[in-house]
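The values are calculated or read from the model by the stated rules, or taken from the named source; none is laboratory data. No experiment lies behind these values; they were computed from the predicted model shown. Quick reminder, even Gly has a Cβ in these numbers, built from the backbone with ideal geometry, and neighbours come from all protein chains shown.
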Amino acid sequence: MNKIDGKLFAEMIAAGANNLSQNAEYVDSLNVFPVPDGDTGTNMNLSMSSGAKETKAHVEAHIGNVGKAFSKGLLMGARGNSGVILSQLFRGFSKSVENYDEIDAKRFAKAFDSGVKTAYKAVMKPVEGTILTVAREASAYASEVAQSTDDVITVMEAIVEAGNASLQRTPDLLPVLKEVGVVDSGGQGLVYVYEGFLAVMKGEKIAEPVNVKMDDSFINDDHDFGDVVKTEDIVPGFCTEFMVRFKPGMKSFNEDDFRNDMSEFGDSLLVISDDEIVKTHVHSETPGEALTYASQYGEIIKIKVENMREQHREVLRKRGNKQQAKEVEKAVITISMGDGITKLFESIGATHIISGGQTMNPSTEDIVKVIESSKCKEAIILPNNKNIIMAAEQAASVVNIPVIVIPTKTIPQGMTALLSYTPEAELSDNKEEMTEAIQHVKSGSVTYAVRDTSIEGVEIEKGAYMGLFESKIKVSDRDQLTVCTSLLDAMIDEDSEIVTIIAGEEADAQQVETLTAYLEEHYEDVEVEVQEGQQPIYSFIFAVE
């Protein structure tokens, strides 16, 4: 194969997205910290899926135009650092091919090289042993191979081969990977994308992921409504799932025919079957008709129908949709997790809240939409998570008004920065003051481990509690109180004046009282404040100033 045109590239993108989706859970498992919210695979999957969706809507022969669509979808859908880097890799790739109807082997290799250069420029402090290294070394080998071949498949094989080899070397570049015994999760995700590309080029099929078993539910009780703003836009409106047990003497079952007929009742169709049962999921306006059709094959044994419009109304209520649409001259946008933390941010000056955090990184587009809907003339963004900073910066670069990102990595940093915000001040002055303020707060958090591991001398058992001081695990123990007090001891020093306890949704009043009493007994000069954060995953967040 000597050329790649837009239609083939679109197929490659779809296969890359499907392959990553099928393996996203494994990529999540490679996260170094055994916290219950490792999300590299999830973020890359959502980012790549956004790019694939935009590509699917703009398939044509001109590879440059297909590349533009892919790049746009990736850019706006990018979540987390891994997703943003992925978007930058293919932003550079797409820019390199934008003027071409089709590309040859050398241009193909050059496009990957362009992507690597763009991604490295986007990262302020590139770290080797990550997705960047895998992309760079794969691209370098592809450029070498392209000098002696006109076959684009050979070039793609070189990328996959070198990418996998580079991935296996990541533990040698990042000691923490070797200590935990994993390869880099972002690099692994990228290799899955590349392997999907290669499969299509070689004429192989990568099926769309189903990831369900006969005894699993297709239905996601919290549907991802993406960028839907108006409830009435959700059409079809009923998420319908049922199982049919085949019966002798009834209509003979053919899965392809069944799937084709069922597609007439709606979209988001999933069908799996074996010799005894067919299981179906479909979004339909007429679930009764879908059930009537299916009943000709046998006996319906399970039914579940959910009103997605009603679900969406509840989502909007939780997100505070009216608040998001509030128009202001100056927007202060902060990422929050937990109703209590959201109320705290609102009480100290945030004009707009985006629900998110470790378990749900907002995309570039999520942030852009809040900025645009506010009709503001300038904006400040507080990410409050190190994995959201790059998406926030990407959002700032997309909109047409002045926007600054305060590099807050934790909820306590976000609160401290917001307390230093002066509405009447110039944007540049606020950036200086707020950035300075976050240097004077220490952040800690308590959660639980999802696997056994050992990190920097701390032995961690699955199910045990862990205390994190900034981004390092300081203590782990089966007893939560032991972890909390040990973590606070590590955070408090002779200069500390205020300790704030932010209680999560799993913390109870007795635990808070015990911690308060401990602090009053051992640190009598320190003032203690307690806030109901209601945050998930983290039973306690501590701020020490």
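Taken together, the residues in the stretch 265-284 that are within 30 Å of Asp233 (Cβ to Cβ) and surrounded by 12 or more Cβ atoms within 10 Å (Cβ to Cβ) amount to 13. If you go through the stretch 467-490 and keep only what is surrounded by 15 or more Cβ atoms within 10 Å (Cβ to Cβ), out of contact with any helix residue (DSSP H, G or I) (no Cβ under 6 Å at 6 or more places or on another chain) and part of a strand (DSSP E or B), you end up with Leu468, Ile473, Ser476.
Among the candidates Ile502, Ile537, Ile541, Ile438, which residue alone is out of contact with any strand residue (DSSP E or B) (no Cβ under 6 Å at 6 or more places or on another chain) and of a type in the set (A, V, I, L, M)?
When all the criteria are applied, what remains is Ile438.
Among the residues in the stretch 245-258, are any basic (Lys, Arg), over 19 Å from Glu289 (Cβ atoms) and either in the same structural domain as Glu289 (by TED's automatic domain parsing) or modelled with pLDDT of 80 or more (or both)? Yes, the stretch 245-258 contains at least one residue that is basic (Lys, Arg), over 19 Å from Glu289 (Cβ atoms) and either in the same structural domain as Glu289 (by TED's automatic domain parsing) or modelled with pLDDT of 80 or more (or both).
Could you grab me the full set of residues in the stretch 117-129 that are in a helix (DSSP H, G or I) and surrounded by fewer than 23 Cβ atoms within 10 Å (Cβ to Cβ)? Step through it out loud before you land on a result.
Taking the stretch 117-129 as the starting set, the residues that turn out to be in a helix (DSSP H, G or I) are 117-122.
Hits for the stretch 117-129 are Lys117, Thr118, Tyr120, Lys121, Ala122.
Within the stretch 465-488, being of a type in the set (Gly, Ala, Ser), out of contact with any Leu (no Cβ under 7 Å at 6 or more places or on another chain) and closer than 17 Å to Val32 by Cβ holds for Ser471, Ser476. Under the condition of being among the polar types (S, T, N, Q), more than 18 Å from Gly73 (Cβ to Cβ) and touching a Leu at 6+ places or on another chain (Cβ under 9 Å), the residues counted in the stretch 358-407 number 0. Residues in the stretch 519-545 that are among the hydrophobic types (A, V, I, L, M, F, W, C) and closer than 19 Å to Leu468 by Cβ: Leu519, Ile537, Phe540, Ile541, Phe542, Ala543, Val544. Scan the stretch 430-466 for residues that are outside any strand (DSSP E or B), in contact with a helix residue (DSSP H, G or I) (Cβ under 7 Å, 6 or more places away or on another chain) and crowded, with 21+ Cβ neighbours inside 10 Å and jot them down. Within the stretch 430-466, Met434, Ile438 qualify.
Is there a residue in the stretch 84-96 that is farther than 17 Å from Ser47 by Cα and either at pLDDT 95 or above or not charged (D, E, K, R) (or both)?
For the stretch 84-96, residues farther than 17 Å from Ser47 by Cα and either at pLDDT 95 or above or not charged (D, E, K, R) (or both): present.
Would you say Val405 is buried (at least 22 other Cβ atoms within 10 Å of the Cβ) and either in the same structural domain as Ala78 (by TED's automatic domain parsing) or within 19 Å of Gly533 (Cβ to Cβ) (or both)? No: the conditions fail for Val405. Scanning the stretch 408-429 for residues that are buried (at least 20 other Cβ atoms within 10 Å of the Cβ), in a helix (DSSP H, G or I) and out of contact with any His (no Cβ under 9 Å at 6 or more places or on another chain) yields Ile411, Pro412, Gln413, Gly414, Met415, Ala417, Leu418. The residue of the stretch 491-510 that is surrounded by the most Cβ atoms within 10 Å (Cβ to Cβ), among those that are free of Cβ contacts under 8 Å to residues at least 24 places away in the same chain and outside any loop (DSSP other than H, G, I, E, B), is Ala509. Of Glu346, Glu327, all but one fail to be at pLDDT 80 or above and assigned to a loop (DSSP other than H, G, I, E, B); the exception is Glu327. Identify the residue in the stretch 41-79 that is assigned to a helix (DSSP H, G or I) and charged (D, E, K, R) and, among all such residues, is farthest from Val123 (Cα to Cα). Looking at the filtered set, the residue picked out is Lys56.
The condition of being among the polar types (S, T, N, Q), closer than 19 Å to Val32 by Cβ and either touching a Gly at 6+ places or on another chain (Cβ under 7 Å) or in a loop (DSSP other than H, G, I, E, B) (or both) holds for only one of Ser82, Ser94, Ser114, that being Ser82. Among the conditions (1) closer than 17 Å to Leu86 by Cα; (2) crowded, with 23+ Cβ neighbours inside 10 Å, Met156 misses just one, which is (1).
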